[in-house]
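Enquirer: Here it is: the structure, laid out below.
All of the numbers you see were taken from the coordinates with simple rules; none came from a lab. Model, not experiment: these values are computed from the prediction. Neighbour counts run over all protein chains shown; Cβ positions are idealised from the backbone, glycine included.
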Amino acid sequence: MPPDNSPHQTPGTGYKLAVIRQQLKNFERTLRFHWKSMRDAPVTPYGFKLHGSRAMQQGRFEPVETRLVGEILPQCDAFVNVGANVGYYCCHAIQKGVPVFAFEPIDLNIRHLLANLRANGWSDKAEIYPVALGAETGILEIFGAGTGASLIKGWANTPETDVMLAPVLTLDQVLGARLSGRKCFIMVDIEGAERFMLAGASQFLAANPKPVWMIEVCVDQHQPDGTAINPHLTKTFEYFWNNGYHAWTAGERPRRVGKAEVEAVANTGNNTFESHNFIFADPAAAASMPCLGQQDIP
């Protein structure tokens, strides 16, 4: 779990006022959402309705990732979305008939997600958990809002006054036994905290059949001041390699990623990956996926 970012001394008046100003901004965002949600949600090019960013509504959001998700989903029978945001990928999964289990700790994102499911008549198609996932049960500060909210202090230059508390559970604790024996597709976008989430997902990592994972792992992007390269880069990949997975970049042309390359990036700071998203899968399962297939490590 990320280190406890709670202040170790009573904050000064200036800090308290800055927090209050930020909370007022968040309240303004909530009012704007309620105003928008009173209107019909726009229909996306994919055929489902969505309250969200213009890029999502117009089919321009993460086109490569969206294509890969569309290719992987039909081969799985459960979709677990960690950091679900407004439910963009949840809608893709439900549209393809795949049951959804979504985790999202930010209140305004949850409001969007619920409104999107209801707008499409999918109120009974997903289980929504308004919590963050980590290595153990607890309560942590979460910084920022929208798609960039993170448990990591200083992530993407987010001011420390843009903060709220979030409950934290583990993936194994919530869903471990529930999805036993099912082929899961687990998509994770939690802004730097993925290594801690994986520490609480040992049952899923060792599952049979193994899930297919797509995870955002920022290498040199959005790191806190003073951190050039993700300090948990190698450890994140080792969780998968130690459980028999192979790794691929989740770019326009996915390619295998090996231990030597990951260690070189971590040690030299030279980011040779074409993407900050990666796919982890069982080699046998990957062979049946056209987007991956059998590839040697370059």
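Enquirer: So how far apart, in nm, are the two label points at residue 264 and residue 40 if each is 7 Å from Cα heading toward Cβ?
Expert: 5.4 nm
Enquirer: Starting with the fewest neighbours, write out 89, 15, 239, 129 ranked by other beta-carbon atoms found within 10 Å of each beta-carbon.
Expert: By the 10 Å Cβ count, ascending, the order reads 15, 129, 239, 89.
Enquirer: Here's a follow-up. Tally Lys/Arg at +1 and Asp/Glu at -1 over every other residue whose Cβ is under 9 Å from the Cβ of residue 130; what's the total?
Expert: -2
Enquirer: Where does each of 246, 112 land when they are ranked from fewest to most other beta-carbon atoms within 10 angstrom?
Expert: Ascending number of Cβ neighbours within 10 Å: 246, 112.
Enquirer: Residue 71 label point, 7 Å along Cα→Cβ, cut-off 13 Å on backbone N: hits in segment 247-274?
Expert: Only 248-256 fall inside the zone, counting backbone N under 13 Å.
Enquirer: Using a 7 Å offset from the Cα along the Cα-to-Cβ direction at both residue 227 and residue 62, what is the distance between the two label points in nm, to one decimal?
Expert: 2.0 nm
Enquirer: Let me ask something additional. When only alpha-carbon atoms are used, what values of Rg and Dmax, in angstrom, describe segment 67-120?
Expert: Every Cα atom of segment 67-120 included, Rg and Dmax give 10.8, 32 Å.
Enquirer: So, one more: Straight-line reach only, C-alpha to C-alpha below 19 angstrom: list the lysines that residue 25 could link to, leaving out same-chain residues fewer than 8 apart.
Expert: 16, 36
Enquirer: With a Förster radius of 30 Å, plug the Cβ-Cβ distance of residue 241 and residue 165 into 1/(1 + (r/R0)^6) and report the FRET value to the nearest 0.05.
Expert: 0.30
Enquirer: Can I ask one more? Sorted from largest down, what three extents in whole angstroms do the Cα atoms of segment 147-193 have along their principal axes?
Expert: So the extents along the principal axes, rounded to whole Å, are 43, 19, 12.
Enquirer: Can you compute 3J(HN,Hα) from phi for each residue in segment 136-145, using the Karplus curve 6.51 cos²θ - 1.76 cosθ + 1.60 with θ = phi - 60°, rounded to whole Hz and x for Gly and Pro?
Expert: Running phi through 6.51 cos²θ - 1.76 cosθ + 1.60 with θ = phi - 60° gives 7, 5, x, 10, 10, 7, 10, 10, x, 8 Hz.
Enquirer: Which length gain, in nm to one decimal place, applies between residue 153 and residue 123 when the Cα-Cα distance is subtracted from 0.36 nm times their residue separation?
Expert: 7.4 nm
Enquirer: Reachable lysines from residue 259, Cα under 29 Å, same-chain residues fewer than 8 places away excluded?
Expert: Reachable lysines: 153, 183, 210, 235.
Enquirer: Can you list which of the trypsin sites (Lys or Arg not before Pro) found in segment 125-211 are DSSP loop residues with at most 11 other C-beta atoms within 10 Å?
Expert: Filter output for segment 125-211: 178.
Enquirer: Shape of segment 211-252 from its Cα gyration tensor (a ≥ b ≥ c, root eigenvalues): rounded if a/c is under 1.5, otherwise prolate when a/b > b/c, or oblate?
Expert: Here segment 211-252 falls in the oblate category.
Enquirer: From the list (1) 65, 40, 36; (2) 57, 46, 35; (3) 141, 34, 26, can you say which value of Cα extents along the principal axes in Å was derived from the structure given?
Expert: (2)
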